[in-house]
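The values are calculated or read from the model by the stated rules, or taken from the named source; none is laboratory data. Here the structure is a predicted model, which is why all the values come from computation and not from measurement. Note: ideal-geometry Cβ built from the backbone for every residue, glycine included; neighbour counts use all protein chains shown. We work out accessible area using only protein heavy atoms, side chains counted, and drop any ligands, DNA or RNA first. Shrake-Rupley method; radii C 1.70, N 1.55, O 1.52, S 1.80 Å.
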Amino acid sequence: MASYALNPEAVAHAKRLIDKRQYVLNSDWGEAQPSAEDENRYLARHAWDEYAAWHLGLTDGANDGTKARYAFVFGDFRRIHRTAIIASHFRAAEWRHKAIELAAHDLLQYLDERAPGR
């Protein structure tokens with residue numbers, strides 16, 4: 001099983017998006033999650049560091065500038081999705097990636113404290 005380091009730039013990016021209200025509170029993450037084609041389109045217009053900012057995890061041993069390096073995507077490259085944070089939290093907990101699990105939990109709390117109607 002792969003191991004992952006927490007991507008602190010992604011956590012900061014997620015908080016900035018939340019502060020700017022660039023989020024979706026209710027979505028079907030299975031439908032909204034970027035496809036490989038979506039990722040390729042994004043990378044055609046953006047640098048790798050911008051792509052990395054959408055991923056909570058950095059795959060240990062994978063090279064920067066490859067898709068294999070980045071894991072636990074939390075948005076659709078425009079907005080953060082609450083369901084993506086939940087999915088990242090669940091998957092990280094399931095596979096015992098504690099730093100990512102805790103970061104996703106903290107982001108979920110951060111979002112829920114700021115979202116209207118919560």
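I'd like to check something: does region 46-55 contain any residue that is over 21 Å from Met1 (Cα atoms), surrounded by 11 or more Cβ atoms within 10 Å (Cβ to Cβ) and of a type in the set (Ser, Thr, Tyr)?
yes
If I filter region 83-104 for residues that are more than 20 Å from Asn26 (Cβ to Cβ) and of a type in the set (Asp, Glu), do I get at least one hit?
Looking through region 83-104, at least one residue is more than 20 Å from Asn26 (Cβ to Cβ) and of a type in the set (Asp, Glu).
Inspect region 58-80 for any residue being without any contact (Cβ under 8 Å) to a residue 24 or more places away in the chain, open to solvent by 30 Å² or more (accessible area, probe 1.4 Å) and basic (Lys, Arg) and give the result as yes or no.
Within region 58-80, one or more residues are without any contact (Cβ under 8 Å) to a residue 24 or more places away in the chain, open to solvent by 30 Å² or more (accessible area, probe 1.4 Å) and basic (Lys, Arg).
Counting only residues that are in a helix (DSSP H, G or I) and open to solvent by 90 Å² or more (accessible area, probe 1.4 Å), how many does region 28-40 have?
Number of matching residues: 2.
In region 41-65, what residues are over 25 Å from Ala93 (Cα atoms) and either of a type in the set (Lys, Arg) or not in a loop (DSSP other than H, G, I, E, B) (or both)?
Once the filter is applied, which keeps residues that are over 25 Å from Ala93 (Cα atoms) and either of a type in the set (Lys, Arg) or not in a loop (DSSP other than H, G, I, E, B) (or both), region 41-65 yields Arg41, Tyr42, Leu43, Ala44, Arg45, Trp48, Asp49, Glu50.
Tell me whether region 66-83 contains one or more residues that are in a helix (DSSP H, G or I) and either polar (S, T, N, Q) or over 22 Å from Pro34 (Cβ atoms) (or both).
yes
Give the residues of region 84-97 that are outside any helix (DSSP H, G or I) and surrounded by 16 or more Cβ atoms within 10 Å (Cβ to Cβ), sorted by residue number.
His97
Among (1) open to solvent by 60 Å² or more (accessible area, probe 1.4 Å); (2) closer than 14 Å to Ala14 by Cβ, where does Ile100 come up short?
Exception for Ile100: condition (1).
Which one of Leu6, Leu43, Leu25, Leu17 is surrounded by 13 or more Cβ atoms within 10 Å (Cβ to Cβ), among the hydrophobic types (A, V, I, L, M, F, W, C), at pLDDT 95 or above and over 26 Å from Glu113 (Cβ atoms)?
One residue alone meets the criteria, Leu43.
Check Asp112, Asp60, Asp106, Asp76 and return the single one that is acidic (Asp, Glu), closer than 13 Å to Asn7 by Cβ and at pLDDT 95 or above.
It is Asp60.
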